[in-house]
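Since the structure comes first, as structure tokens, the remarks are kept for the end.
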Amino acid sequence: MNLAAAFESLAGTVAAAVGAPFYAAERLTETAPVLDAGGSIVTPGTLVRTPCRCQVDDATDAMRQDASFVQGDVRLIVLGLDSLTTDARISVTEGPGAGTYSVQSVSRDPAGVGFVCRGRVDNG
């Protein structure tokens with residue numbers, strides 16, 4: 001078991017025992033489409049779902065200072081992934097923050113076991 005999976009498991013155990021706010025979620029990414037020599041799509045990309053755990057919280061002051069901040073953006077704390085980029089979306093499947101969020105910014109958390117992201121509600 002890798003470190004990311006170990007902390008995801010620990011978060012799940014704590015959440016079940018004391019109601020910690022890490023809920024079941026998925027990272028949603030798409031594979032690149034296959035193109036022919038003329039640039040037409042031969043095979044479309046496919047959606048890849050990777051399970052993780054996520055806490056949805058208020059955006060930080062630093063997030064609010066970013067020029068691209070939009071009212072309604074939230075902080076996502078994501079556990080259980082080896083990597084995360086702004087190309088992904090996070091779908092929180094349960095809990096009070098349930099919904100799908102596009103990842104606007106991402107950094108490692110201070111302990112290096114998860115990711116802290118600015119998420120934006122993804123309506124499409």
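Assorted remarks:
- Candidates Gln104, Gln65 - the one that is under 14 Å from Arg118 (Cα atoms) and open to solvent by less than 80 Å² (accessible area, probe 1.4 Å): Gln104
- The lone exception for Ala88 - which of (1) out of contact with any Phe, Trp or Tyr (no Cβ under 8 Å at 6 or more places or on another chain); (2) of a type in the set (A, V, I, L, M); (3) closer than 14 Å to Pro21 by Cα it fails: (3)
- Condition met for Val48 (β-branched (Val, Ile, Thr), under 12 Å from Cys117 (Cα atoms) and within 18 Å of the chain's Cα centre (by Cα)): no
- Meets criteria (open to solvent by 40 Å² or more (accessible area, probe 1.4 Å) and at pLDDT 90 or above) for Val34: yes
The values are calculated or read from the model by the stated rules, or taken from the named source; none is laboratory data. Since the structure is predicted, the reported quantities are computational estimates derived from the model, not experimental observations. Cβ sites come from the backbone with ideal geometry, for glycine too, and all protein chains shown count toward neighbours. When the accessible area is computed, the model is the full protein with side chains, heavy atoms only, and any ligands, DNA or RNA have been set aside. Shrake-Rupley method; radii C 1.70, N 1.55, O 1.52, S 1.80 Å.
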